[in-house]
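I have placed the structure first, in the form of C-alpha cells, so that the comments after it can refer back to it.
The values are calculated or read from the model by the stated rules, or taken from the named source; none is laboratory data. Owing to the predicted nature of the structure, the values given are computational and were not obtained by experimental measurement. Neighbour counts are summed over all protein chains in view; Cβ atoms, including those assigned to glycine, are modelled from backbone coordinates with ideal geometry.
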Amino acid sequence: MSNYHIKNLEEYFQVYRKSVRNPELFWEEIAEEHFMWRKKWDKVLQWDFSKPEVKWFNGGKLNITENCIDRHLHTRGDKTAILFEPNTPNEGAQHITYKQLHERVCRFANVLKEQGVNKGDRVCIYLPMIPELAISVLACARIGAIHSVVFAGFSAQALATRINDSDCKMVITSDGSYRGAKTIDLKGIVDDALEHCSCVDTVLVAKRIQSDVNMKEGRDHWLQPLLDEAYIDFPPEVMDAEDPLFILYTSGSTGQPKGMVHSTAGYMIYSAYTFKNVFQYKEEDVYWCTADIGWITGHSYIVYGPLANGATTVMFEGVPSYPDFGRFWEIVEKHKITQFYTAPTAIRALAKEGVSHLEKYDLSSLKVLGTVGEPINEEAWHWYDDNVGKKKAPIVDTWWQTETGGIMITPIPFATPTKPTYATLPFPGIQPALMDGNGNEINGNQVDGRLCVKFPWPSMARTIWGNHQRYKDTYFSAFEKMYFTGDGALRDEVGYYRITGRVDDVIIVSGHNLGTAPIEDAINEHPAVAESAIVGFPHDIKGNALYGYVTLKDTGEGRNHDNLRKEINQIITEQIGPIAKLDTIQFTNGLPKTRSGKIMRRILRKIAHKDADNLGDISTLLNPEVVQDIKDNAM
Ligand code: 7RM
C-alpha cells in the first residue's frame with residue numbers, strides 16, 4: 001500500500017496510525033519515494049519543543065524548484081503548469097507549460113543574480129496575481145534567496161514595516177494592478193514605503209496596467225528588458241533541508257507582525273503530500289485555489305503543493321464580483337475546474353447574490369470543493385454543497401495556519417464522511433490535543449478546549465524572523481511541550497474536530513487575520529484620541545466586522561463625531577489597509593478595566609454582540625460605572 005495516496009477511510013486510519021506510531025519512518029518513506037534530493041539527510045527528525053527547535057531531514061540537500069519544475073520536464077513538459085486567468089475575461093487566459101515555466105523562472109533567477117541577490121538574501125515581492133508573482137517566488141527559491149511576499153492590498157506603512165523587519169535588499173513590484181473595474185497604483189505605494197526603508201537598493205517593476213510611474217534612477221528597473229536579455233537556464237542552487245525558503249508575515253495579537261520562517265524540505269514535503277490527498281489530485285485535473293499568493297494558502301496551495309505534484313494550477317487575477325457575480329462560475333465552466341478551493345467569506349458573498357449566477361454555467365466538472373480561512377457557518381456550508389457541488393462534490397473544510405505551513409485537520413474527500421462546520425480528522429502526521437485552562441490535556445470525546453499540537457510535523461514554521469523568543473512565547477509557552485494554535489476547538493462523539501475560532505486578540509475579517517493591537521495603535525495616533533479598544537461582531541458577509549470603542553482627550557470633546565470617525569478610518573487605511581477599517585465607532589467616557597489596568601474585552605465584545613444583559617460580575621472592575629454608560633450609548 002502506498003502511504004502517499006490515501007483512497008479510502010480504512011487506508012486513512014492505517015496511514016494515520018503508522019504516522020503516529022513511527023513518525024520518522026513514515027515521513028522518511030514519503031521523502032525518499034516522492035522527491036528529488038541532491039544528497040540524502042543524516043537524520044529524519046530532531047526536536048525539542050522547550051527551546052523550541054525542530055529540524056526535519058537535517059543534512060539533506062535539494063532545491064525545491066527542481067522538485068516543482070525540472071523533474072516534470074520529461075513527462076509533463078508541455079502540460080500547463082500555471083493557467084493564468086486575468087481580471088478582465090476578454091483579455092484571455094494564458095497557459096504556461098512546465099517547459100515555459102522553467103525558462104521563465106531561470107531567466108528571472110539570472111536577473112536576480114545580476115542585480116546582486118545572493119543565497120540567503122531577502123527579497124520582498126509586492127505584486128498582484130499575475131504570472132510574474134509565481135515566477136518571482138520560484139526564481140528566489142531557485143537561487144536560494146528568501147522570499148517575503150507581501151499581499152498587494154497592504155498600505156505603504158505596512159509594507160515598509162515588513163521590508164525593514166527582514167531587511168530586504170530588493171522589492172519586486174508592478175506599475176499597478178487591476179482590481180475589478182479599478183486600478184491601484186502599486187508602484188506609488190512602493191515609493192512611499194521606500195521613503196522609510198534604507199535596506200532596499202533595487203526595485204524591479206513589471207508592467208501590468210501601462211500607467212505612468214516614477215522610476216528612480218539607479219534604483220528602479222523595468223523587469224521585462226532584463227528578462228529578455230537573461231539566459232534561459234540557471235542551475236538550481238543546492239540548499240540544505242533546513243535553509244529558510246520564505247518569510248511570510250502574519251498579524252499577532254500584539255505589536256509588530258510576525259515574520260514566520262518556513263524551511264525548505266519539510267515545507268515542500270508537507271505541502272505536496274497534503275495537496276495530493278486533500279484534493280485527490282489526478283493527472284488530468286485543473287485545480288483552482290482562489291486565494292492570493294500573498295497569503296499562506298497561495299504559497300502552499302497555488303504554488304508549491306500543486307507544482308510539486310506536476311499539477312495544473314489556476315492563478316486568478318480578479319475578484320468574484322467582476323464583471324458580475326457569475327465570474328467564478330464562468331471560470332469553472334471555461335477551464336473545467338475539477339477542484340475549487342475558496343474561503344467562507346467568498347461563499348457568503350456569492351450566496352447573497354442568489355443562484356441565478358450559478359445556473360448560467362455548467363459546473364459538472366467539479367469533483368472536490370474546499371474551504372479555508374475561518375469557521376464556515378452551517379448555512380454557507382449547505383449553500384456551497386447544494387448549489388456549487390450539487391451534493392456530489394465533497395467539501396473539504398481545511399483547518400490550518402500560516403504557522404503550520406500546510407493543512408492540519410481536514411476530511412480526505414471520498415474517504416472521510418463530511419459533517420457541516422467540522423474540519424473532521426487530523427491529517428496523517430498531525431497529533432492534535434485539546435487543553436483545559438489548567439494546562440491539562442482533555443481526553444475523550446464530546447469535549448472542547450484550546451487546540452494544541454503535541455508532535456512536530458514537517459512544515460511547521462521554525463521561528464519568527466529575528467525574534468526566536470517571541471516564537472517561543474507565542475506558540476510554546478501557554479502549554480508545556482505543546483504547540484498552541486490560538487484557536488479553540490471541540491471534538492464530537494466520533495472524534496471529529498470543529499474549530500470554534502480564535503481565543504486570542506486576532507479577529508478574522510473577510511478571511512484576513514487582523515490583530516487588534518496594531519489597529520488600536522493606529523487609532524491612538526489620532527491627536528484627539530486618548531484610548532481605544534477593538535472587538536469583532538458578527539457580520540453577514542465578512543464573518544466579523546470591527547467595532548471600536550474610543551475615548552477622546554479633552555481637546556477632542558467638542559469635535560464633530562462623524563468627522564472624527566472618518567479621520568480614524570483614514571489613519572487605519574494608511575497604516576494597515578482598508579480591510580482594517582471599523583464598521584462601528586462608539587465614543588465612550590472610558591473603557592472597562594481590571595484592577596491591573598487591562599481592558600476587559602469580554603464586556604466590550606458582549607455589548608458589540610448586543611448581548612449586554614448578562615455581563616456577569618463586573619464589580620471587580622476598576623471603573624464599573626463606565627459600563628452602564630457604554631451600554632446606554634451602544635450602536
Ligand atoms: C490558512 C489560513 C489562521 C487562522 C486559524 C483559524 C482560522 C483557518 C479554518 C479556520 C476554522 C477552518 N492561515 N482558520 N482555516 N477556522 N475552520 N477551516 O487561513 O494564518 O491566515 O489564519 O484562520 O483561526 O488559526 S492564517
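If we only count strands (runs of 3 or more DSSP E) wholly inside segment 195-269, which ones have 2 or more residues that are in contact (Cβ under 8 Å) with a residue 40 or more places away in the chain and away from the ligand (no atom under 16 Å from the Cβ)? So that I can check it myself, show each step before the final result.
Working: elements: 202-206, 220-222, 244-250, 258-263.
Here the list reads 202-206, 244-250.
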Within segment 490-505, restricting attention to residues that are at pLDDT 85 or above, in contact with a Ser or Thr (Cβ under 7 Å, 6 or more places away or on another chain) and within 10 Å of the ligand (Cβ to nearest atom), which residue is farthest from TRP381 (Cα to Cα)?
TYR497
Looking at segment 511-525 only, could you name the residues that are within 16 Å of the ligand (Cβ to nearest atom) and either in contact with a Ser or Thr (Cβ under 7 Å, 6 or more places away or on another chain) or of a type in the set (S, T, N, Q) (or both)?
GLY511, ASN513, LEU514, GLY515, THR516, PRO518
I'd like the full set of residues that are touching a helix residue (DSSP H, G or I) at 6+ places or on another chain (Cβ under 7 Å) and within 11 Å of the ligand (Cβ to nearest atom), limited to segment 378-402.
ILE395, VAL396, THR398, THR402
Criterion violated by ILE337 - all others in (1) in a loop (DSSP other than H, G, I, E, B); (2) at pLDDT below 95; (3) not charged (D, E, K, R) satisfied:
(2)
Looking at segment 378-400, which of the residues that are assigned to a loop (DSSP other than H, G, I, E, B) and in contact with a Gly (Cβ under 8 Å, 6 or more places away or on another chain) is nearest to ALA349 (Cα to Cα)?
THR398
Anything in segment 130-186 that is of a type in the set (Asp, Glu), under 30 Å from ARG38 (Cβ atoms) and in a helix (DSSP H, G or I)? List them, or say none.
GLU132
Show the residue pairs meeting these rules: Cβ distance below 6 Å; 6+ apart or different chains; first residue within segment 588-610 and among the basic types (Lys, Arg); second residue modelled with pLDDT of 90 or more.
ARG601/VAL535; ARG605/VAL535
Given the conditions (1) of a type outside the set (D, E, K, R); (2) under 20 Å from the mean Cα position of the chain (by Cα); (3) within 15 Å of the ligand (Cβ to nearest atom); (4) surrounded by fewer than 24 Cβ atoms within 10 Å (Cβ to Cβ), and given that THR463 satisfies all but one, which numbered condition is not satisfied?
(3)
Given (1) within 23 Å of ALA393 (Cα to Cα); (2) touching a strand residue (DSSP E or B) at 6+ places or on another chain (Cβ under 6 Å), index of the condition ASP285 fails:
(2)
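So which of ASP448, ASP436, ASP487 ends up being within 23 Å of PRO375 (Cα to Cα), at pLDDT below 95, touching a Lys or Arg at 6+ places or on another chain (Cβ under 9 Å) and within 12 Å of the ligand (Cβ to nearest atom)? Before the answer, list the steps.
Details: ASP448 fails: within 12 Å of the ligand (Cβ to nearest atom); ASP436 fails: within 12 Å of the ligand (Cβ to nearest atom).
Result of the check over ASP448, ASP436, ASP487: ASP487.
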